[in-house]
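For reference, the structure discussed in these notes is given below.
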Amino acid sequence: MSPVVSVVVPAYNAEAYLARALDSLAGFGPDVEVLVVDDGSTDGTAALAQQYVDAHPGEFHLLRKANGGHGSAINTGLDHARGEYLKVVDADDWVDADAFARVLDTLRGFVAGERPVDLLVSNFVYEKVGKRTKTAVRYGGALPRGRELAWSQTRRFAKRQYLMMHALIYRTEVLRESGLRLPEHTFYVDSLYAFVPLAHVRTLYYLDVDLYRYFIGREDQSVHEAVMLRRIDQQLRVNWMMLEHLSSATVHDRRLRRYLLHYAQITTAVSSVLLIRAGTPQALAEKDRLWARLRAQDPAVYREVRWSALGQICHLPGAAGRRVTVLAYRVAQRAIGFS
């Protein structure tokens, strides 16, 4: 029988913290298949993963490949997954065992049903280094709890409520039907994973448990602001791929389209603020090019993104306006526990 869920763990030079992730996934039996994808590590990542393969035969599996980046590792996991559902857990994150047990029971119910649910949504918690109070992102208000939903039964998502990868467990076949292939050697592809397949999701279910623990605070992390500024070209690449998808995808449900616009507004605002933060003439010109390119490609999407509250904040005039934009971004980061 197929496992109920495949958990893909992309890992690159993760020896120092991988055990925490794998420990949180151990002991759930044959219904859980853990695929550790070693993305060309040069440290002891593969050897550590092999210890779990040896200790939990049939449950843990090690896939080794040449370095291709986070998206490439997820692609490889998806190619090899046998589970009815698929979850991605980054190597420096982990899951809560009690919450995962509840998730697994829920997924078993989906598999036993005649029409399995396409997407399970659960909560995630920011585990910020040095911060004792943890902030959870939950979806009450936007998603009715504990029942199968169509997109038409969802409600408006608040600004902080967007479906990051950490919140999602897709039915594996939905991911494959969507044609999802994440770009290689590119950071920030999590946004594409949480965006592109949604047009193929017909039913979803919100389980109100704090499942995913999202670790932030290492200076070398891709989401550290200094790192994001150095890799702004990759943020812009992902941002543009999201906007292109929004323009080309067939989305029949108006509430799903409203949500996709909501996510695109957030992502484009982040790109704009980072370019404002960089502050160079080249960066500010790049911000103008991003918006001009969107306006030329899809005037309707441009209007909806540009004249949203976030879009207007990103276009406050002059140096003083740019300072206000960055200040608003800082306040938003603190509100979600990110800084």
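Only residues that are charged (D, E, K, R) and surrounded by fewer than 20 Cβ atoms within 10 Å (Cβ to Cβ): list them for the stretch 1-58, please. Outline the logic, then answer.
Looking only at the stretch 1-58, we keep the residues that are charged (D, E, K, R), and these are 15, 20, 23, 31, 33, 38-39, 43, 54.
Hits for the stretch 1-58 are Glu15, Arg20, Asp23, Asp31, Asp43, Asp54.
Quickly run through the stretch 95-127 and pick out the residues that are farther than 22 Å from Val4 by Cβ and touching a Ser or Thr at 6+ places or on another chain (Cβ under 8 Å).
Once the filter is applied, which keeps residues that are farther than 22 Å from Val4 by Cβ and touching a Ser or Thr at 6+ places or on another chain (Cβ under 8 Å), the stretch 95-127 yields Val125, Tyr126.
Within the stretch 124-149, track down each residue that is part of a loop (DSSP other than H, G, I, E, B) and open to solvent by 30 Å² or more (accessible area, probe 1.4 Å). Please lay out each step first, then the result.
Our first condition is that a residue be part of a loop (DSSP other than H, G, I, E, B); within the stretch 124-149, this holds for 129-134, 138-144, 146-147.
Answer for the stretch 124-149, where residues must be part of a loop (DSSP other than H, G, I, E, B) and open to solvent by 30 Å² or more (accessible area, probe 1.4 Å): Val129, Gly130, Lys131, Arg132, Thr133, Lys134, Arg138, Gly141, Gly146, Arg147.
Working only within the stretch 175-214, note down all residues that are part of a loop (DSSP other than H, G, I, E, B), open to solvent by less than 40 Å² (accessible area, probe 1.4 Å) and among the aromatic types (Phe, Trp, Tyr).
Here is the first cut: in the stretch 175-214, the residues part of a loop (DSSP other than H, G, I, E, B) are 178-189, 194-195, 201-203.
The next check asks that each one be open to solvent by less than 40 Å² (accessible area, probe 1.4 Å); those that pass are 178, 180, 182-183, 186, 188-189, 194-195, 201, 203.
Hits for the stretch 175-214 are Tyr188, Phe195.
In the stretch 273-307, how many residues are assigned to a helix (DSSP H, G or I), touching a residue at least 40 places away in the same chain (Cβ under 8 Å) and open to solvent by 20 Å² or more (accessible area, probe 1.4 Å)? Lay out the reasoning, then the answer.
First, pick out the residues of the stretch 273-307 that are assigned to a helix (DSSP H, G or I): 273-278, 281-297, 299-306.
Those still in the list that are touching a residue at least 40 places away in the same chain (Cβ under 8 Å) too: 273-278, 283, 286, 290, 293-294, 297, 301, 304-305.
Then drop every residue that is not open to solvent by 20 Å² or more (accessible area, probe 1.4 Å), which leaves 277-278, 286, 293, 297, 304.
Residues in the stretch 273-307 being assigned to a helix (DSSP H, G or I), touching a residue at least 40 places away in the same chain (Cβ under 8 Å) and open to solvent by 20 Å² or more (accessible area, probe 1.4 Å): 6 in total.
Looking at the stretch 19-123, what strands (runs of 3 or more DSSP E) fall wholly within it and have at least 1 residues that are free of Cβ contacts under 8 Å to residues at least 40 places away in the same chain? Walk me through how you get there before you give the answer.
Details: elements: 32-39, 60-65, 85-88.
Where strands (runs of 3 or more DSSP E) fall fully within the stretch 19-123 and carry at least 1 residues being free of Cβ contacts under 8 Å to residues at least 40 places away in the same chain, they are 32-39, 60-65.
Is it the case that some residue within the stretch 103-123 is closer than 30 Å to Asp233 by Cβ, within 21 Å of the chain's Cα centre (by Cα) and open to solvent by less than 50 Å² (accessible area, probe 1.4 Å)? Outline the logic, then answer.
Of the residues in the stretch 103-123, the ones closer than 30 Å to Asp233 by Cβ are none.
No: zero hits.
Could you say which residue among Val270, Val238 is part of a helix (DSSP H, G or I), modelled with pLDDT of 95 or more and either open to solvent by less than 40 Å² (accessible area, probe 1.4 Å) or small (Gly, Ala, Ser) (or both)? Show your work before the answer.
Working: Val270 fails: modelled with pLDDT of 95 or more.
Every option except Val238 fails the conditions.
The values are calculated or read from the model by the stated rules, or taken from the named source; none is laboratory data. Predicted model, so just to flag it, every value in this text is computed and none were measured. Positions of Cβ are backbone-derived with ideal geometry, glycine not excepted, and every protein chain shown enters the neighbour counts. Surface areas here come from the heavy atoms of the whole protein model, side chains and all, with no ligands, DNA or RNA. Shrake-Rupley method; radii C 1.70, N 1.55, O 1.52, S 1.80 Å.
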